[in-house]
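Worksheet for the structure shown next.
The values are calculated or read from the model by the stated rules, or taken from the named source; none is laboratory data. It should be emphasised that the depicted structure is a prediction, and the values quoted were computed from it without experimental measurement. Using ideal geometry, Cβ is built from the backbone for each residue, glycine included, and neighbour counts are taken over all protein chains shown.
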Amino acid sequence: MLQIGWIDFSSDHRDKVMTILDSLKEQGAVDELGIGTIRDRLSDYLFPGISTIQTRAKYLLLIPWIIQYLESRNVTSKNFIKQLHELEYKFIDVLSEGNNELGIIGRDSRGDLQRKPSSVYWYALRKYKICKLDVTLNQYAELLDEVIANKLKTTQELKAAEKDQLGDDRDAILDNRFQSFWNVCPPPEKWMETLSIHLAKREAEFLRETIRLAVPHSLLAHLLSLNHLHKVDDFKSIEAVTAILPRLPEELKQMFQLALDFAQIMYGANIRFNVIFNKLNDRTNEIVEDRWEQWCHHMKNEFLFERWDTTVLFHKTNPDDATRTFVKRWIDFVKSRDYDYTDEIDEWIRKREVYLKGGRAKLRINHQANNQWIGLGKLTYRWSNVKTILEDIKRGLESNV
């Protein structure tokens, strides 16, 4: 098994590393050919704020509620992260009790939980402006001592103003008092004891409007419109979302189509990677061979090359030079439609993996991998996570709670 190590300079640095490692746990998530930067930038354009390790929409409210609770108790920066994580552990049990709901972070790992919900959702909270400050979680904690000091100062000034019966001074003090860093609907009464992973109607309405306002030009915002949200159950795959393509603004329509076309084009490279792997190791894999034949047929007979523009792809995603060169070479091969002669492109793919992985490259003789499929499948741009968030909001809007 591959062992990975890093120098743990800070919890923020550690969170970034753990995000990468968690994403690799997904089946078919290993990016053997290094196109992840393009995939992620297209994903961020379509579905900003959503990552592959997010599970349920309720955490977008739960994390602010916990933090506001700690603020109300004047928890200092020294103790903030520790107490935040203690409450996150506590809520694993509260959310899990008496149900088999999917997506409860930490249900299986419990005390071994590496990524806390606050870390998983912090970027989204900032992106959707639920947290008004563009800071890291640790930087936020460092502000708390100043907040506590300001509260104490305000309290003392109010007492002095009231003692002197200076009404105007008191109003001025109140106008300048500490303002919350959060834009979030309030929790229900006794929320810590009665917590549910499901959204109440008012919570779903808040998230729907807040996300749409924060990222109005995204595909996510358009899917949250009432015209489209009620259809989310029908969108079994990201390709099914093309049903609303005619109703999207022109630029978003072009970007969505670009992402889908890129997924189809690069799917062939991932299939070819598996074909090469099996050939090198004298293995037969009929599933991979069938996928290659089907992909070639589609690209020759159905794919609309006239709408494809590699220049636009690179302009929108700005990959590094090595990735740009590899992707362009593969696209030139695809556009040739000459898929019977693959020796040259196979060698190009092999060299690309060796460049990325060095001695860990799988495209070498006698590699001891038993997988039916290696590397990425067809790119979905985090659709399964997006769909879960949308379904949570839809069910909340339909609830009577």
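See the values below:
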read-out: In region 197-215, residue surrounded by the fewest Cβ atoms within 10 Å (Cβ to Cβ) [restricted to those that are under 19 Å from the mean Cα position of the chain (by Cα) and farther than 22 Å from Glu88 by Cα]; value: Leu213
read-out: Lys300 vs. criteria more than 30 Å from the chain's Cα centre (by Cα), at pLDDT 95 or above, assigned by TED's automatic domain parsing to the domain that holds Arg337 and not β-branched (Val, Ile, Thr); value: yes
read-out: Test: residue in region 324-333 that is farther than 23 Å from Arg364 by Cβ and not in a helix (DSSP H, G or I); value: no
read-out: Any chance Arg350 is in a loop (DSSP other than H, G, I, E, B), among the basic types (Lys, Arg) and over 27 Å from the mean Cα position of the chain (by Cα); value: no
read-out: Any hit, region 373-383, residues being aliphatic (A, V, I, L, M), part of a helix (DSSP H, G or I), out of contact with any Pro (no Cβ under 8 Å at 6 or more places or on another chain) and crowded, with 18+ Cβ neighbours inside 10 Å; value: no
read-out: Qualifying residue in region 30-41 (condition: at pLDDT below 75, within 23 Å of the chain's Cα centre (by Cα) and not assigned by TED's automatic domain parsing to the domain that holds Val147); value: yes
read-out: All positions within region 68-81 that are surrounded by fewer than 17 Cβ atoms within 10 Å (Cβ to Cβ) and under 25 Å from the mean Cα position of the chain (by Cα); value: Gln68
read-out: Positions within region 349-363 being of a type in the set (A, V, I, L, M, F, W, C), modelled with pLDDT of 90 or more and under 15 Å from Lys279 (Cβ atoms), in sequence order; value: Ile349
read-out: Test: residue in region 343-362 that is closer than 30 Å to Leu207 by Cβ, surrounded by 13 or more Cβ atoms within 10 Å (Cβ to Cβ) and assigned by TED's automatic domain parsing to the domain that holds Phe256; value: no
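A quick yes/no check of all residues on (1) more than 22 Å from Glu86 (Cβ to Cβ); (2) in contact with a strand residue (DSSP E or B) (Cβ under 7 Å, 6 or more places away or on another chain); (3) at pLDDT 70 or above; (4) part of a helix (DSSP H, G or I):
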| residue | (1), (2), (3), (4) |
| --- | --- |
| Glu142 | no, no, yes, yes |
| Asp145 | no, no, yes, yes |
| Gln156 | yes, no, no, yes |
| Ala160 | yes, no, no, yes |
| Phe178 | yes, no, no, no |
| Pro186 | yes, no, yes, no |
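To keep it simple, each residue is scored yes or no on (1) assigned by TED's automatic domain parsing to the domain that holds His298; (2) within 20 Å of the chain's Cα centre (by Cα); (3) surrounded by fewer than 18 Cβ atoms within 10 Å (Cβ to Cβ).
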{"residue": "Leu224", "(1), (2), (3)": "no, yes, no"}
{"residue": "Lys253", "(1), (2), (3)": "yes, no, yes"}
{"residue": "Met266", "(1), (2), (3)": "yes, no, no"}
{"residue": "Asn270", "(1), (2), (3)": "yes, no, no"}
